[in-house]
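Structure first, then comments.
The values are calculated or read from the model by the stated rules, or taken from the named source; none is laboratory data. Only a predicted model underlies this, so the values are computations on that prediction, with no experimental measurement involved. Heads up, the Cβs are rebuilt from the backbone with ideal geometry, glycines too, and the neighbour counts pull from every protein chain shown. Each accessible area value is taken on the protein alone, full model and side chains, heavy atoms only, with ligands, DNA and RNA left out. Shrake-Rupley method; radii C 1.70, N 1.55, O 1.52, S 1.80 Å.
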Amino acid sequence: MKINLVMIVKNEERSLERCLLAARPFVDEMIVVDTGSEDRTKELAREAGARVYDFVWVGDFSAARNYALDQSDADWNLVLDGDEYLRKSSRKQLEQEILKGNKRYGEGKWMGAVLRFDSYWETKDKSSVSVHSALLPRILPKEIRYKGMIHEQPDTEIPCTLLPLKVDHDGYLLDGKSDRNLEYLQKAVRQEPENPYYWYQMAVTLRESHKLEESLPWFRRLWKEEVPGSSYQVDGVIRYLYTLMDIETEASLIEAMEVIEGAGSVFLKRADFHFACGIFYTKLVLSDVGRYMGYLPRIEESYLECLKIGEHPEMETVAGTGSFKAAYNLGLWYELSGQPKKARLYYQRAVRDGYEPAKERIKLL
């Protein structure tokens, strides 16, 4: 079984060496296609043992991906970006899981997903980092190619199953990525105006660029569109709630309440959704205590439901919404409502998960 690493890169000298060194134990060859670097990217790739090719950028990520895949003769291609780093694991275990997939689906009739952990700034002042997990199809049988100008996806309907590879990604910590993507997304939407996946990407990108009001029409379209089995719609609706809460007008809070009350069973299974509800009910009550006092119990109920559901990174979630973040917010709730014993209990639970802010709250009790 031959497995190759296949990448497209541009100006990745900050992270490329780390990426390649982490991937090298899993693959037979490393193929790096450069789309116009002006730094030491190509030199670093060669030093790490990769075969390096040049591709003239044509404004289409799929075209570049497919050119890179054309250079590979492997049975399976592992696709990574230059700011992604495989965690330590076993090539033998990976091969065993691929053989199981071949037995279940047929050789080359399925593709493998990796579990990626995206780091991003939780606050505008960049004082704390959150981690969001996502399942991404990144181990492709040799015939599979990509489609889509940006946020490209494998051009296939074959099943995708999770393989034992975990990837850390730090690219969202860098400035300017959302603005760059927005230009390509606008072109993509003009080409495929009825593609709900592009609605999702437009909404998220505008939100990340702090263009909250501009993101709302895209979030609303996604909320109203039925996308059966779509993980991106669930994620998009949760981000929609946060956007409405960030705008924090009476109208936006009412809109958020309508979304929460209209959420179906797929949302009720997600700790992320209940965590957003806990924040929402807090903001709602504080906006008009006399009018919304009846919603106070829902704050506690929301965070307790988070802890009941627990952590499920394979469901594409923000780390902590089913554990330490929910426990910490419960601690705050109990502290503010005059229940210090319960507050300490949940702060201690957050501390056990390594959440440092909870230690400070315990000191102040």
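The length gained by stretching the chain between Glu356 and Lys187 to full extension, at 0.36 nm per residue less their Cα-Cα distance, is 56.5 nm.
Using a probe of 1.4 angstrom and keeping all protein chains present, the accessible surface of the chain works out to 49 square angstrom per residue.
Per-atom-type breakdown for segment 73-156 gives carbon and sulfur 48% of the accessible area (1.4 Å probe, protein chains only). The tail of the calculated P(r) for segment 141-231 beyond 22 Å holds 39 percent of all Cα-Cα pairs. About its Cα centre, the dipole of segment 1-97 is roughly 380 debye, where the only charges are +1 on Lys and Arg Cβ and -1 on Asp and Glu Cβ. Here segment 187-230 exposes an accessible surface that is 48 percent carbon and sulfur, computed with a 1.4 Å probe and the other protein chains kept in place. Sorted from greatest to least, the principal axis extents spanned by the alpha carbons of segment 201-246 come out as 29, 16, 14 Å. Each other residue within a Cβ distance under 15 Å of Lys142 adds +1 if Lys or Arg and -1 if Asp or Glu, for a net charge of -3. Expressed as a fraction of 2.2 N^0.38 Å, the value expected for a compact globular protein of N residues, the C-alpha radius of gyration of segment 3-123 is 1.11. Distance between the 7 Å Cα→Cβ label points at Val129 and Leu268: 3.7 nm. Ordering of 18-30, 94-106, 194-206 by packing is 194-206, 18-30, 94-106, highest average first (other Cβ atoms within 10 Å, averaged per residue). Each Lys or Arg adds one and each Asp or Glu subtracts one; over the other residues with Cβ under 10 Å from the Cβ of Asn66, this totals -1.
Note on segment 17-66: Rg/Rh from Cα positions, Kirkwood definition for Rh, rounded to two decimals, is 0.98. In this calculation the C-beta distance from His312 to Tyr53 is compared with R0 = 30 Å, giving a FRET efficiency of 0.15.
Taking the charge dipole of segment 176-242 about its Cα centre, with +1 at Lys and Arg Cβ atoms and -1 at Asp and Glu Cβ atoms, the residue from Tyr232, Tyr184, Tyr198 reaching farthest to the positive side is Tyr184. For an R0 of 35 angstrom, estimate the FRET efficiency from the Cβ-Cβ distance between Lys211 and Lys147 and round to the nearest 0.05. According to the calculation, E is roughly 0.80. Summing Lys and Arg as +1 and Asp and Glu as -1 over all other residues whose Cβ lies under 15 Å from the Cβ of Glu248 gives a net charge of -2. The average projected area of the chain, computed from the convex hull of its Cα atoms over all directions, is 19.5 nm². Net charge dipole, the chain: roughly 1280 debye, given to the nearest 20, about the Cα centre with Cβ charges of +1 for Lys and Arg and -1 for Asp and Glu. The Cα center of segment 146-179 and the Cα center of segment 272-294 differ in position by 34 Å. Here segment 282-324 has 58 percent of its accessible surface on carbon and sulfur atoms, given a 1.4 Å probe and all protein chains in place.
The spacing between segment 117-140 and segment 198-212, judged by their C-alpha centroids, is 16 Å.
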